[in-house]
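See below for the structure under consideration.
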Ligand code: ARG
């Protein structure tokens, strides 16, 4: 399809400068409409505020402002109802909205672009968009935290093996393990919030690159649109996409976290671990093996992390070495941004119900918690409390474990007589120090896995989630 209306100037950005129409292949190639059309609510919000700024600056009359506002409202209604006539030859959402405004409101619509460029317009639209998105992401993260917290509350007394190197290491509370993710996600929330501080600066008024040539009150415009302040440098303002990259980086990091959670859960759901069962609603069957129940939801959460990383690298790479100021390479930031936004939305949507549907197998967890010399460190700590330097205690317990392995006896199954052979410091109180409960209780430092430390962490997590979701 060639430019509608046929004439060389039919695409408004080409105007009188061009004597030939655009090649349809070039036109399709350069058009961003297919993806930036989703920015229409922000584009209209920004245009309404710009029209008000023009009026405050005396550049349009109050009656003209009213006509532009009414026109933009009509455009908005068309967009909302799906009746808007999108035209690819008008390149992007900005030109589409503006052209339609002129059609609906008449020539006065042509005054809207006074002192404005699509360069500061797209910079504004993206910031408005990110501001909306960041609010949703924060709420989504709080919901994931709440689901983890609810399971943690339920399992504040359930012991399980804690792992290092994926080898059984020491007993921990399941609540402690789950809370690790709550605090991890809290850092994600903080990163997104920090990103929001830099998103919330107004680029409008920077025009193409050098600043608007009309006396626009940018402070008032910033207040009107809810921004903290106007940008300090018009050249930076139209070429800056740091906030997009910061968002993508925070999303990538969050994806790394959710992928780790997904791996813990899928491992725990294996027959080998047998620690947890996914609800039927959040698992799938095999097309060939009738007995199978697959944790597909968790796996796909983990798999989505790849595109979150890819989107970050894509935008960083598109921007590397770009000269100031605006370059059309910047148009390439949108698809990765939107893809990460959509990915986050789906991941944050599916995680809370998936987590709520988990059934932990307390018997299996507790049995595993005390198995395979999980309290060996506690025997060493016992000897230290009796005055032995830790290094010597470590050596003694190592020999004790080797002896136990040879005799096929667990730590707690070694008799007092057997244990005494390894150190004269060992006496009748030793067995009480080697239980899972004693091991847990001993780790009462703040941030540790002792029941009272975990109770404090639960309270802290509740406050975080409660406070943050009230924002
Ligand atoms: N579609 C463009 C983008 O996404 C909008 C700005 C276009 N500006 C320009 N001078 N071509 O970045």
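The values are calculated or read from the model by the stated rules, or taken from the named source; none is laboratory data. Only a predicted model underlies this, so the values are computations on that prediction, with no experimental measurement involved. Counting neighbours? That spans all protein chains shown, and the Cβs are built from the backbone with ideal geometry, glycine included.
Do any helices (runs of 4 or more DSSP H) entirely within the stretch 31-106 hold 3 or more residues that are in contact (Cβ under 8 Å) with a residue 24 or more places away in the chain and within 14 Å of the ligand (Cβ to nearest atom), and if so, which?
Fully inside the stretch 31-106 and qualifying: 33-36, 40-56, 93-105.
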For the stretch 200-236, what are the residues that are touching a helix residue (DSSP H, G or I) at 6+ places or on another chain (Cβ under 6 Å) and assigned to a helix (DSSP H, G or I)?
221, 224
Those residues of the stretch 255-292 which are exposed (fewer than 15 other Cβ atoms within 10 Å of the Cβ) and over 26 Å from the mean Cα position of the chain (by Cα) amount to 270, 271, 272, 280, 285, 286, 287, 288, 289, 290, 291, 292
Of the conditions (1) farther than 30 Å from residue 137 by Cα; (2) in contact with a helix residue (DSSP H, G or I) (Cβ under 6 Å, 6 or more places away or on another chain); (3) surrounded by 13 or more Cβ atoms within 10 Å (Cβ to Cβ), residue 390 clears all except one; give me its number.
(3)
Go over the candidates 347, 297 one by one and state the one that is at pLDDT 95 or above, away from the ligand (no atom under 16 Å from the Cβ), closer than 30 Å to residue 366 by Cβ and crowded, with 19+ Cβ neighbours inside 10 Å.
297
Filter result for residue 417 (surrounded by fewer than 16 Cβ atoms within 10 Å (Cβ to Cβ), out of contact with any helix residue (DSSP H, G or I) (no Cβ under 8 Å at 6 or more places or on another chain), farther than 30 Å from residue 141 by Cα and free of Cβ contacts under 8 Å to residues at least 24 places away in the same chain)
yes
Within the stretch 120-130, can one find any residue that is more than 16 Å from the ligand (Cβ to nearest atom) and at pLDDT 95 or above?
no
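Yes/no matrix, rows are residues, columns are (1) over 30 Å from residue 422 (Cβ atoms); (2) touching a strand residue (DSSP E or B) at 6+ places or on another chain (Cβ under 7 Å); (3) in a helix (DSSP H, G or I); (4) within 16 Å of the ligand (Cβ to nearest atom):
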{"site": "324", "(1), (2), (3), (4)": "yes, no, no, yes"}
{"site": "341", "(1), (2), (3), (4)": "yes, no, yes, yes"}
{"site": "354", "(1), (2), (3), (4)": "yes, no, yes, no"}
{"site": "372", "(1), (2), (3), (4)": "no, yes, no, no"}
{"site": "381", "(1), (2), (3), (4)": "no, no, yes, no"}
